[in-house]
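This report refers to the structure that appears directly beneath it.
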Amino acid sequence: TTNGSSFGSFRHTALTMQALAFISSTIPALHRLEAPAVWSRRRLGTSDVQPPRQAISSASTVSATYLSTGRSTFQRFCALGLGLLSAASFRAGSRGSGRIVVRGRNFEKNIKKKKGPREAAMAQTTRRHLRNIVLAMKSGTDPSTNKALSRAIKAAYKDGVNKAPIENKLKAVREGKEVTTELRFSGYAQGGAGVIVECLTDNVLRTRPEIKDIFKRAGGEVGAEGCVDHNFNKLGLIKFDEYDEEKILEASMEADVDVEDILTLEDGTVEVTTTPEDCDAIAAAFENGGLEVASSEVVMKPIIEAALSKEATYQLLTLKFWLSEHDDVGDVITNAVLHEGIELKYNAYDLPDSWKNAYGKDGA
């Protein structure tokens, strides 16, 4: 089955059918347990001696009442048992982050390999954009006056982030219900690749040990702050959707701003590289000149790459999976070059399997 209101697997459905068969076979047996005559004798306190006619009539009425009451009670008991079985089956079908675990050929061949990774990537994209929105709100909570906030919201909508989480985040920050702290972790994955994790949390004491535990679980470790920064170049990126390089170059000269590079990407987007300190100011200058900025942000780009082995690649994928599942993680940056042909494999609980179970001797 594929919906949350049904049982999670064929096994639980089979258990339910067995329970129904047991109940259907038990009810007739219950009716045969106490015959009216037996109830009559017990009620009248007599032995096998035939009671008077009036006593039999009275005892029949009493026995019918007892049988009706017993049958009704038993039926209610059966309904309660079925309800508990349904709840247990539903809970057994839910694993991990709350998704319903669906089993069968359709799940293995289509859903797990396509929908699962896409949903995880979308969740991480949403968290990254919400983090950028919260950081932009430090300069003001009104998008009409805070251009950086307006750009962050537009960039989120462009990447497919739903309207509801954006509005909820804006409302929470404006009303002072959410006070967050920006955290940044630097560490190493198995194989020596540098990893930077950017977080936004409302509880530093909770997030810090949890991120360290995730690194340890995937064979890596968190290092000192900035320990892998030498592998990356920090720069500002401003993107445009509706203009070509020549138009943007003219606008930069008219606004008298210094840009490091202007590049057209494969999808037609024009990317302008700036220093991280001047990114917001240059984006505002373009907007004042009449251009619409698609997005602007400060990013870390690898300048020294680390090639990983098969096992190290699998461990890095595991690390990124667990980081993407953490609600406080906004972005994960690495300088790793992954080994081709290695993909994350999942166990029966829809969680990453170990390297040994996933590939074993074939992956060595």
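Within the shell of other residues whose beta carbon sits under 15 angstrom from the beta carbon of VAL299, the net charge comes to -4, with Lys and Arg scored +1 and Asp and Glu -1. With the convex hull of the Cα atoms taken as the outline of segment 271-348, the averaged projected area works out to 8.0 nm².
Across segment 257-266, rounded Karplus estimates of 3J(HN,Hα) from the backbone phi angles (6.51 cos²θ - 1.76 cosθ + 1.60, θ = phi - 60°) give 10, 9, 10, 7, 6, 10, 9, 9, 7, 5 Hz, Gly and Pro being marked x.
With Cα atoms defining each centre, segment 142-219 and segment 255-276 are spaced 25 Å apart in the structure. Amide hydrogen proximity for LEU235: with H placed 1.01 Å from N in the peptide plane, the residues at 5 or more positions away or on another chain lying under 5 Å are VAL299, LYS301. Rounded to the nearest angstrom and listed largest first, the equivalent-ellipsoid semi-axes of segment 154-255 from its Cα gyration tensor are 33, 24, 13. For segment 189-312, the alpha-carbon radius of gyration amounts to 1.36 times the rule-of-thumb value 2.2 N^0.38 Å expected for a compact globular protein. For THR264, the amide hydrogen comes within under 5 Å of the amide hydrogens of GLU271, counting only partners 5 or more places away or on other chains and with H modelled in the peptide plane.
Our coupling estimate for segment 211-216, obtained by passing each phi through the Karplus curve with A = 6.51, B = -1.76, C = 1.60 and θ = phi - 60°, is 5, 4, 5, 5, 4, 5 Hz, Gly and Pro reported as x.
When Lys and Arg each count +1 and Asp and Glu each count -1, what net charge do the other residues less than 10 Å away from ALA136, Cβ to Cβ, add up to?
+2
Across segment 333-346, computed HN-Hα scalar couplings (Karplus, 6.51 cos²θ - 1.76 cosθ + 1.60, θ = phi - 60°) run 10, 9, 9, 6, 10, 6, 6, 5, x, 9, 9, 6, 10, 10 Hz from first to last residue, x flagging Gly and Pro. Among the listed pairs LYS239/LYS320; LYS234/LYS320; LYS147/LYS216; LYS171/LYS345; LYS169/LYS234, which are separated by more than 30 Å between their Cα atoms? Flagged as over cut-off: LYS147/LYS216; LYS171/LYS345.
Rule-based calculations on the coordinates, nothing more; no lab input. The model shown is predicted, which means the values in this text are computed figures rather than measured ones. Note that we place each Cβ from the backbone using ideal geometry, even for glycine, and neighbour counts take in every protein chain shown.
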